[in-house]
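Asks: Mind having a look at this structure? Questions to follow.
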Amino acid sequence: MSPPNASTRTRGKSRIAEPSELISTPQRRQAALSEPKADATQFGDLLGDSLAYAVKRAQIRCDEALVRHLAGELSPARFAALCAIGANPGISQAALGGLLGIKGPGVVKVVDELERLGLVSRNTTTDRRIYALQLTARGSADLRHYQATNQDFERRIASRLSAQERADLLVLLAKIAVDEG
């Protein structure tokens, strides 16, 4: 039994539903609940059974929380790039993009923004087509600050996990993050 609408059809003609048809009675509610439902396994339970959906949802929640934690100073992508440049002084933009999984134009945009903020400098190499990326003095100082902030953030997001669960989760995520391309 379908819930009544404000307008129903009678032999192809519309009519206004009677007030009694709009009122939900215990019998109508029970009838609606007892109607056959689609088998959840027929379509899959996206919310409860999809690994990809669960990972994406967690990633979105973590990114949103990290943005709040960094007080809007850097995006998660810029923070990751800053960390990668700090750990790999002289890295090229192409290598940075490969390390972070960011395509050419995207990595240029990230580096442009870090350079505009005074955190990164592009230094020419013997191959004038390639820039060696370095943290500026300000970039090094800011990175230390962001890393301390990130350690606090990591503790907060892992607060519901034991140390072993956190370690296991990192191993499991690494297994599914392998590029099958």
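Asks: Would you call GLN164 in contact with a Gly (Cβ under 7 Å, 6 or more places away or on another chain), polar (S, T, N, Q) and assigned by TED's automatic domain parsing to the domain that holds SER75?
Replies: On the way: in contact with a Gly (Cβ under 7 Å, 6 or more places away or on another chain): no; polar (S, T, N, Q): yes; assigned by TED's automatic domain parsing to the domain that holds SER75: yes.
No; evaluated as a whole, the condition is false for this residue.
Asks: Going by what's in this entry, would VAL120 be described as assigned by TED's automatic domain parsing to the domain that holds SER75, surrounded by 14 or more Cβ atoms within 10 Å (Cβ to Cβ) and under 15 Å from PRO76 (Cα atoms)?
Replies: Numbers: assigned by TED's automatic domain parsing to the domain that holds SER75: yes; surrounded by 14 or more Cβ atoms within 10 Å (Cβ to Cβ): yes; under 15 Å from PRO76 (Cα atoms): no.
Considered against the rule, which asks whether it is assigned by TED's automatic domain parsing to the domain that holds SER75, surrounded by 14 or more Cβ atoms within 10 Å (Cβ to Cβ) and under 15 Å from PRO76 (Cα atoms), VAL120 comes out as no.
Asks: If you don't mind, there's one more thing I want to ask. List the helices (runs of 4 or more DSSP H) inside the stretch 103-181, counting only whole elements, that have at least 2 residues being of a type outside the set (Phe, Trp, Tyr) and over 20 Å from GLN93 (Cβ atoms).
Replies: Numbers: elements: 104-116, 137-157, 163-176.
Fully inside the stretch 103-181 and qualifying: 137-157, 163-176.
Asks: Something else now. Being in contact with a helix residue (DSSP H, G or I) (Cβ under 6 Å, 6 or more places away or on another chain) and within 27 Å of ARG68 (Cβ to Cβ) is the requirement here; does ALA163 meet it?
Replies: Considered against the rule, which asks whether it is in contact with a helix residue (DSSP H, G or I) (Cβ under 6 Å, 6 or more places away or on another chain) and within 27 Å of ARG68 (Cβ to Cβ), ALA163 comes out as no.
Asks: Considering the stretch 123-170 alone, what residues qualify as being touching a strand residue (DSSP E or B) at 6+ places or on another chain (Cβ under 7 Å) and either closer than 14 Å to ARG78 by Cβ or of a type outside the set (Val, Ile, Thr) (or both)? Spell out the reasoning first.
Replies: First, pick out the residues of the stretch 123-170 that are touching a strand residue (DSSP E or B) at 6+ places or on another chain (Cβ under 7 Å): 123-125, 130-136, 139, 143.
Within the stretch 123-170, ASN123, TYR131, ALA132, LEU133, GLN134, LEU135, GLY139, LEU143 qualify.
Asks: Hey, among THR136, THR149, THR124, which residue is touching a His at 6+ places or on another chain (Cβ under 7 Å) and either among the β-branched types (Val, Ile, Thr) or modelled with pLDDT under 90 (or both)? Before you say what the answer is, go through the steps one by one.
Replies: Values: THR136 fails: touching a His at 6+ places or on another chain (Cβ under 7 Å); THR124 fails: touching a His at 6+ places or on another chain (Cβ under 7 Å).
The unique qualifying residue is THR149.
Asks: Here's another thing I want to ask about it. Kindly check whether there is at least one residue in the stretch 61-79 that is at pLDDT 90 or above and within 13 Å of TYR146 (Cβ to Cβ).
Replies: Yes - at least one qualifying residue is present in the stretch 61-79.
The values are calculated or read from the model by the stated rules, or taken from the named source; none is laboratory data. It should be emphasised that the depicted structure is a prediction, and the values quoted were computed from it without experimental measurement. We place every Cβ from the backbone using ideal geometry, glycine too, and count neighbours over all the protein chains shown.
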